[in-house]
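Below is one structure, written out as structure tokens; comments come after it.
The values are calculated or read from the model by the stated rules, or taken from the named source; none is laboratory data. Please read all numbers here as calculations on a predicted model, not as lab measurements. Backbone-built Cβ (ideal geometry, glycine too); neighbour counts: all protein chains shown. Calculation scope for accessible area: heavy atoms of the full protein, side chains included, ligands and nucleic acids excluded. Shrake-Rupley method; radii C 1.70, N 1.55, O 1.52, S 1.80 Å.
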Amino acid sequence: MNDLLIAGGIGMAFGWALERAGLGDPPKLAGQFYLRDFTVLKVMLSAMLTAMLGVFWGGRLGMFDPGTFYVPETYLLPQLVGGLVFGLGFVLSGLCPGTSCVALASGRIEGAATMLGLFAGVLLVGLAFPAIEPFYRSTPHGPLTLQRLTGLPYGVVVALVTVIAISMLAWIAKREAAR
């Protein structure tokens, strides 16, 4: 029960942070697609860096074994199709699943409509799953990680991703300052 309370607290804090960043507002999210507003990219890069560095240093300091973390299997073609469907839904509604929850909690009708669409899609896929299961299980590649794809040591991958992400954040800051 404590785990559920902790997860709920983290979820509410994350939702609050998304709302404070304005990410429950579809026009703000659409600004990312038009390269006008980089808030989404800044939030996602910051979250990715925080998680990646937390796992890396937590493992290095002996707080936990990162090798025990679950990395899901990669099924290339079905995940590509799923990503396209996700992207289409994101573009059409201006919201992703997380931000649609924030928009709904903020009383936005587009949040409710997106959540309804998400639940309808989950229901339809669940009902159709016996028919689409062969496709769902096609093109398996096992758990893919940047370390596995590149053959580089874990610490080198973490360092490279950190440098790339910080460079992108610096480029965004410079671009925003020039406006």
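Checking 49, 53, 77 one by one, the residue that is within 29 Å of residue 142 (Cα to Cα), hydrophobic (A, V, I, L, M, F, W, C) and within 14 Å of the chain's Cα centre (by Cα) is 49 and no other. Of the set (1) over 28 Å from residue 37 (Cβ atoms); (2) surrounded by 12 or more Cβ atoms within 10 Å (Cβ to Cβ); (3) under 20 Å from the mean Cα position of the chain (by Cα), all apply to residue 143 but (2).
If I filter the stretch 130-139 for residues that are open to solvent by less than 50 Å² (accessible area, probe 1.4 Å) and either on the phi > 0 side of the Ramachandran plot or part of a helix (DSSP H, G or I) (or both), do I get at least one hit?
So far as the stretch 130-139 goes, no, none of its residues is open to solvent by less than 50 Å² (accessible area, probe 1.4 Å) and either on the phi > 0 side of the Ramachandran plot or part of a helix (DSSP H, G or I) (or both).
Restricting to the stretch 62-71, and then to whatever is at pLDDT below 95 and surrounded by 11 or more Cβ atoms within 10 Å (Cβ to Cβ), can you tell me which residue is farthest from the chain's Cα centre (by Cα)? Result: 64. Within this structure, residue 120 fails the test of being exposed (fewer than 10 other Cβ atoms within 10 Å of the Cβ), assigned to a helix (DSSP H, G or I) and without any contact (Cβ under 8 Å) to a residue 40 or more places away in the chain. Quick check on the stretch 72-85. Is at least one of its residues within 21 Å of residue 161 (Cβ to Cβ), in contact (Cβ under 8 Å) with a residue 40 or more places away in the chain and surrounded by fewer than 12 Cβ atoms within 10 Å (Cβ to Cβ)? Checking the stretch 72-85: at least one residue is within 21 Å of residue 161 (Cβ to Cβ), in contact (Cβ under 8 Å) with a residue 40 or more places away in the chain and surrounded by fewer than 12 Cβ atoms within 10 Å (Cβ to Cβ). Among the residues of the stretch 144-179, the ones that are outside any helix (DSSP H, G or I) and at pLDDT below 95 come to 3 in all. Only residues that are open to solvent by 60 Å² or more (accessible area, probe 1.4 Å) and at pLDDT 90 or above were counted in the stretch 96-112, giving 1. Of all residues in the stretch 32-50, exactly one satisfies the criterion of being open to solvent by less than 30 Å² (accessible area, probe 1.4 Å) and outside any helix (DSSP H, G or I), namely 38. Quick check on residue 25: is it acidic (Asp, Glu), modelled with pLDDT under 85 and either closer than 28 Å to residue 147 by Cα or surrounded by 11 or more Cβ atoms within 10 Å (Cβ to Cβ) (or both)? In short, yes. Among the residues of the stretch 18-31, those identified as within 16 Å of residue 97 (Cβ to Cβ) and assigned to a helix (DSSP H, G or I) are 18, 19, 26, 29. The residues of the stretch 58-109 that are part of a helix (DSSP H, G or I) and touching a strand residue (DSSP E or B) at 6+ places or on another chain (Cβ under 7 Å) amount to a single one, 76. Restricting the search to the stretch 39-57, which residues are in contact (Cβ under 8 Å) with a residue 24 or more places away in the chain and over 13 Å from residue 165 (Cα atoms)? The answer is 56, and nothing else.
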